[in-house]
């Protein structure tokens, strides 16, 4: 997707700029933060944020801070998720994970630093009004914390190696929190500076939740169908950890059908968003292609 590459290039520049002011010492912490942040991720969440911002006609210089903050939270979650006490993985995006490249204690601190830096960036961005900065901090903290990603991660840990798998409804709740909350945050953060935000908030939440679940269902599918080299992380980890997954509960073909129904739900929600006549860009089409990419990706 050429359009996604353009967004990715912008986000890499935003992140690199955000990390320019890291303190010189301790140098190993600075190196580890950059290693775990500037590692060519897909940058799907901040790309969605920027695209939604375009649809709601928000200036790009008012979107770079929330885009950076969102991706830093995502990067921190991956660093901690890979730790031995969590998913215990040695590969991330085709490279040694942070605790392998550095050490476990440094990896914990890197995640802590990425998380706090995300909120520092939002709190100090003077291109955004104080009111909108507070709203963004509220959205992101709720999505990342005990009402979102952290709660989902704990439910995921609780569901490993249990005698009976969790129910389908419980699995959906798990991933609405662990994966979907940050994806939903991308849409809310991208639009919250618009005067139309409250009017469209239910649509944006529905869009984010549908994409978030579809993203996770496809993650479960490619953990079975892809390979370690393509994935950039260890293939088959979910099965090895006896995790509850959508293919495990539904069967592989039914899981694919559920993913496709979520994709259609997301596309229908997308049609309800306003047309971005000011930018003249076909941002709706980009988001539709991105939704399709989520269902087709193999890593």
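Just so it is clear, none of the values below were taken in a lab; they were calculated from the coordinates. All figures in this text were calculated on a predicted structure; none of them were measured in a lab. As a convention, Cβ positions derive from the backbone with ideal geometry for all residues, glycine included, and neighbour counts pool all protein chains shown.
For the residues 145, 251, 111, a GNM of the chain with alpha-carbon springs under 10 Å puts the largest fluctuation on 251. Label-to-label distance, residue 20 versus residue 297, with points set 7 angstrom from Cα along the beta-carbon direction: 2.8 nm. In this calculation the C-beta distance from residue 261 to residue 42 is compared with R0 = 25 Å, giving a FRET efficiency of 0.60. The listed peptides 291-297, 64-70, ordered by packing as a protection proxy, come out as 64-70, 291-297 (highest mean of other Cβ atoms within 10 Å first). The range 55-121 to the range 130-194: how many Å between their Cα centroids? Their Cα centres are 15 Å away from one another. In this simple spin-label model, placing a label point 7 Å from the Cα along the Cα-to-Cβ direction at both residue 168 and residue 137 gives a separation of 4.2 nm. Working from label points 7 Å from Cα in the Cα-to-Cβ sense, the residue 268 to residue 158 distance is 3.2 nm. For the chain, adding -39500 (n - 2.57) for each run of n ≥ 4 DSSP H residues and dividing by the number of residues yields -21500 deg cm²/dmol at 222 nm.
Ranked by the mean number of other Cβ atoms within 10 Å of their residues, highest first, the peptides 159-172, 35-48 come out as 35-48, 159-172. On the basis of the beta-carbon distance and an R0 of 41 Å, residue 195 and residue 288 show a calculated FRET efficiency of 0.95. Segment residue 222..residue 103, full-extension length gain: 40.0 nm, with 0.36 nm per residue of separation and the alpha-carbon distance subtracted.
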